[in-house]
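S.K.: Dropping the structure in here first, questions after.
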Amino acid sequence: MASAGQRPTRQSGANALLDLQGVGRTVLIVQGCPMQPILEITGLGKTYASGQVALADVDLTIQKGEIFALLGPNGAGKTTLIGAVCGLVKPTSGTIRAFGCDLATDWRAARARIGLVPQELATDMFAYVGKAVEYSRGLFGRAPDPARIEEVLRSLSLWDKRDSRINALSGGMKRRVLIAKALAHDPDLLFLDEPTAGVDVELRRDMWDQIGRLRDSGVTVILTTHYIEEAEEMADRIGIIDKGRLKLVENKTALIDRLGRMEAHIGLAQPMAEVPPALAGFHLDLLNGGSTLCYHAESLEDRHTGLARLVQLLTHQNVGFTTIDVKQSSLEDIFVRLIDGAAA
Ligand SMILES: Nc1ncnc2c1ncn2[C@@H]1O[C@H](COP(=O)(O)OP(=O)(O)OP(=O)(O)O)[C@@H](O)[C@H]1O
Ligand SMILES: [Mg+2]
């Protein structure tokens with residue numbers, strides 16, 4: 001599993017923008033000009049014929065150039081939401097505007113600018129890789145561009161496979177073809193529905209690089225993933241959906257700051273029978289028969305300065321310690337707590 005710590009977290013333009021999510025409103029400003037949203041979803045609902053409510057009253061605004069990760073457990077409504085924007089699912093209620101066009105009345109113009117890497121492998125398995133990718137470009141009314149097709153195929157290590165039939169490829173390679181098809185018409189808004197499910201570490205890294213390059217070239221990306229560290233690595237903003245309802249939309253860094261926790265395990269030189277009264281101001285537990293002092297920091301201030309204050313006090317109290325092991329919550333910890341309803 002790739003760790004976020006091995007790769008620098010990229011700071012996007014979108015991150016540098018003014019984010020007022022915390023006060024109930026997001027305003028993104030570049031050089032004094034408010035940005036146009038690329039996608040505005042209002043009151044979106046979808047109830048399937050079976051009576052299954054897949055989406056209920058979803059409001060979501062996506063700004064140009066951001067990477068948005070939509071997270072949620074199986075059956076939460078992620079694919080339905082993407083399907084509604086891509087014209088594959090007919091909403092029961094609500095409106096979707098993409099590039100300023102209402103998709104209910106004016107979807108053709110917007111659709112040509114949207115790319116989708118679907119969750120399910122649904123493509124003509126007997127087609128040849130190169131031809132299938134070329135065809136996808138033509139389907140969206142783009143002029144043939146063999147150099148661009150070669151670039152896309154090479155970037156996904158598919159160039160050598162261009163004359164193979166898709167059904168002769170491995171599962172991960174088939175997924176690469178879906179990605180190549182979605183990129184072939186140079187969409188401005190790209191949906192990736194679990195693009196790295198069941199693929200090897202190398203493709204996952206290639207995907208991350210691809211997404212980074214796309215963002216750098218101004219493409220807006222909305223992805224779903226069950227690999228939370230992928231969202232932690234890539235996304236500017238996170239949305240959490242559960243049982244068809246969008247529970248939270250927040251800037252990733254702000255979310256981790258707001259709901260993150262820190263735990264420090266301090267290995268003591270001499271076991272303690274109980275926490276000394278002088279340390280009463282800290283949230284502490286004794287573990288391992290009194291040989292480990294466990295410090296829990298929840299507020300932002302405690303996470304930033306609490307451990308230093310505690311260590312100073314231990315030294316002042318002549319409490320010897322040999323190790324300090326610090327664990328910060330990951331986005332995954334926060335996600336699990338939110339889905340369990342423990343945090344909001
Ligand atoms: N074509 C359909 N007909 C009836 N119900 C459907 C259909 N497609 C999805 N559903 C139901 O709608 C709900 C949301 O499904 P959806 O595929 O959007 O979830 P998801 O968040 O993408 O899940 P996963 O993480 O498993 O891909 C589920 O209860 C699912 O069973
Ligand atoms: Mg899905």
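Computed from the coordinates by the stated procedures, all read-outs in this text should not be read as laboratory data. Given the structure is predicted, the values throughout are model-derived calculations rather than measurements. Backbone-built Cβ (ideal geometry, glycine too); neighbour counts: all protein chains shown.
S.K.: Determine, from the Cβ-Cβ distance of Phe321 and Asp257 and an R0 of 25 Å, the FRET efficiency 1/(1 + (r/R0)^6), rounded to the nearest 0.05.
M.R.: Plugging the Cβ-Cβ distance into 1/(1 + (r/R0)^6) gives 0.35.
S.K.: Percent of Cα-Cα pairs per 10 Å bin, from 0 to the last occupied bin, for segment 261-328, please list those.
M.R.: The percentages, shortest bin first, are 21, 61, 17, 0.
S.K.: Run the reach check for Lys64 against aspartates and glutamates, Cα to Cα strictly under 13 Å, same-chain hits fewer than 8 apart removed. What comes back?
M.R.: Counting by Cα, and skipping residues close in sequence, Lys64 has these aspartates and glutamates nearby: Glu40, Asp188, Asp216, Asp236.
S.K.: Shifting gears a bit: For the residues Ile228, Ile222, what sequence is obtained by ranking on other C-beta atoms within 10 Å, fewest first?
M.R.: Ile228, Ile222
S.K.: A further question follows. Give me the extension gain from Cys294 to Gln312: residue separation times 0.36 nm, minus the current Cα-Cα distance, reported in nm with one decimal. Don't skip to the end; give the middle numbers.
M.R.: On the way: separation 18, 0.36 × 18 = 6.48 nm, distance 1.56 nm.
In short, 4.9 nm is gained.
S.K.: Based on other C-beta atoms within 10 Å, arrange Ile211, Ile179 from fewest to most. Please list the in-between numbers first.
M.R.: On the way: Ile211 21, Ile179 25.
With the sparsest Cβ surroundings first, the list reads Ile211, Ile179.
S.K.: Which of the lysines could a cross-linker bridge to Lys46, judged by Cα under 22 Å and excluding same-chain residues fewer than eight apart?
M.R.: Those lysines meeting the cut-off are Lys78, Lys90, Lys243, Lys247.
S.K.: Quick one: if the Förster radius is 30 Å, what FRET efficiency do Val53 and Leu88 give, using the C-beta to C-beta distance and rounding to 0.05?
M.R.: Computed FRET efficiency for Val53 and Leu88: 0.95.
S.K.: Give the lysines reachable from Lys131 as a straight Cα distance under 23 Å; neighbours fewer than 8 places away on the same chain don't count.
M.R.: Within reach: Lys161, Lys174, Lys181.
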